[in-house]
Amino acid sequence: MRKRSFFGLTKPSFHYELATSTIADPVAIPTPETVTLYIKQALKRTSSSLKVDTPVKTGQRLVVNEGDDICAISSATGTICAIAPFLADFGREWTAVTIKTEGSDTPDTEFSEARQAPSLKTLNRYLAACPGEPEIEPLMDERNPVHTIVIYGGNADLLIDTSLYLFKQSAEAINAGIEILRKATGIEDIVIVIPEESVQNYSGHLDARMQPVSSQYPYAQPLMVLHQLTGRLPDEKGMASMGVHFIRAEAVATIGQAFSTGSLPVEKTVAVIDKQGTKHLARARVGTPVSSLLNTFDVQVNDQDKIVFGGPMTGNAIYSEDQPIRPDTDAILVQDKRVIPLYSDYPCINCGDCVRICPANVPVNLLVRFLEAGQYTEGADLYDLYSCIECGLCSYVCVSRIPIYQYIKLAKYEIGRITSAEELNEQ
Ligand code: SF4
Ligand code: SF4
């Protein structure tokens, strides 16, 4: 696999959002009539645990089969009114559970009792599907021991400042979460990544080593940060094989809040960015339909407009306002059909713009030819797929409007899937 050194960005140049102090506090979105939650597991005919008309409590684990670790956390009290298969990104099969909500919350008490033992098993069982989606499984993998936990406090994309807002509001919960993580893992080296302009605001307030990053896009992308910290990027075995584990600041705050209060958090802060680029902050239960947030801020969505979960560079389009916000939804971006850069089936004209903009010096124009043909392994071996830090700048500048970033994500997903299956077979 060819490897090249990183070099500085060329134009155009973008900056992450920083001005969190100018944002109003989030608008509270009322509990909707229904919430829909996803269990990241396929629905099977033999599923024994989920039944329509079953009452559920707020904070209750919902599983496809008794004994499963993978779950959704009910974000409201009510009755299950629909259970259906859901096809997620890359063809992943999930189960969608819709709950008709009641007017008030009856808290489930299972976690309150389990929190007395803050082990990784407890964290994985109860917290992994909560806001911020704390990913705990890699910390339990004895074959790839983790020595450093990186708390990611930067913003995941342009226009979004939810993460920095949370960081500002939740320092106490984040400290409580860090303490729990230290107890459960025994890992002392915990690093907080934050834009360099914000470091002085938190220095001394947070119980971890601070790692400032540039506010120029894409220097705060997780893979870019990983490269800055270790001088390396993960291969097909993923980040865990490097002994480093990334966890979002929101996820750490969720852990801290859950163990401090005894209740699993079920609400999220989400930025809504309308067609004019105006930002609104909302606080809503996981599972709330996107339409509830858009209606609150009078955002009209017309035929052929686009709704995106995330930001303009790396976000994923969704096809319906009825889709629910998920535990990892930071932002909802609405684009007018007149400004949407449509993807095309034009071939690459070898203009070289993608190569010039790429901060990781990937030969994108050559790589994309293999990825378009589904030759993922060849792309990885010959043209530096794993040097890509997933910033989306190549797609942004491509004159042929080739969805390069999406091809790259798909290729990494497919290779990772095959590698995991091979490892399982070898065991
Ligand atoms: S997404 Fe494109 S521009 Fe960004 S690092 Fe990867 S190949 Fe380079
Ligand atoms: S920017 Fe698009 S058209 Fe130009 S070389 Fe890259 S892939 Fe080809």
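The values are calculated or read from the model by the stated rules, or taken from the named source; none is laboratory data. Note that the structure is a prediction, hence the values are computed from the model and not measured. Cβ placement follows ideal geometry from the backbone for every residue including glycine, while neighbour counts extend to all protein chains displayed.
Candidates in the stretch 304-316 are the residues that are modelled with pLDDT of 90 or more and among the aliphatic types (A, V, I, L, M); of these, the one that is nearest to residue 335 (Cα to Cα) is 307. What number of residues within the stretch 26-45 satisfy the criterion of being part of a loop (DSSP other than H, G, I, E, B) and either touching a strand residue (DSSP E or B) at 6+ places or on another chain (Cβ under 7 Å) or more than 23 Å from residue 100 (Cβ to Cβ) (or both)? Of the residues in that region, 11 qualify.
I need the helices (runs of 4 or more DSSP H) fully contained in the stretch 326-402, keeping only those with at least 1 residues that are within 10 Å of ligand 2 (Cβ to nearest atom), touching a Phe, Trp or Tyr at 6+ places or on another chain (Cβ under 7 Å) and not aliphatic (A, V, I, L, M).
So the answer is 364-372, 393-397.
In the stretch 91-180, which helices (runs of 4 or more DSSP H) lie fully inside it and hold 2 or more residues that are modelled with pLDDT under 90? Spell out the reasoning first.
Details: elements: 110-114, 120-127, 162-169.
Answer list for the stretch 91-180: 162-169.
Having 1 or more residues that are touching a residue at least 40 places away in the same chain (Cβ under 8 Å) and β-branched (Val, Ile, Thr) is the bar; report the strands (runs of 3 or more DSSP E) wholly within the stretch 226-289 that clear it.
Working: elements: 244-248, 267-273, 279-285.
Answer list for the stretch 226-289: 244-248, 267-273.
Using the structure shown, decide if residue 136 is touching a residue at least 12 places away in the same chain (Cβ under 8 Å), buried (at least 24 other Cβ atoms within 10 Å of the Cβ) and more than 27 Å from residue 281 (Cβ to Cβ). Quick ask: steps written out before the conclusion?
Details: touching a residue at least 12 places away in the same chain (Cβ under 8 Å): yes; buried (at least 24 other Cβ atoms within 10 Å of the Cβ): yes; more than 27 Å from residue 281 (Cβ to Cβ): yes.
Yes: the conditions hold for residue 136.
Among the conditions (1) crowded, with 22+ Cβ neighbours inside 10 Å; (2) within 26 Å of residue 396 (Cβ to Cβ), residue 166 misses just one, which is (2).
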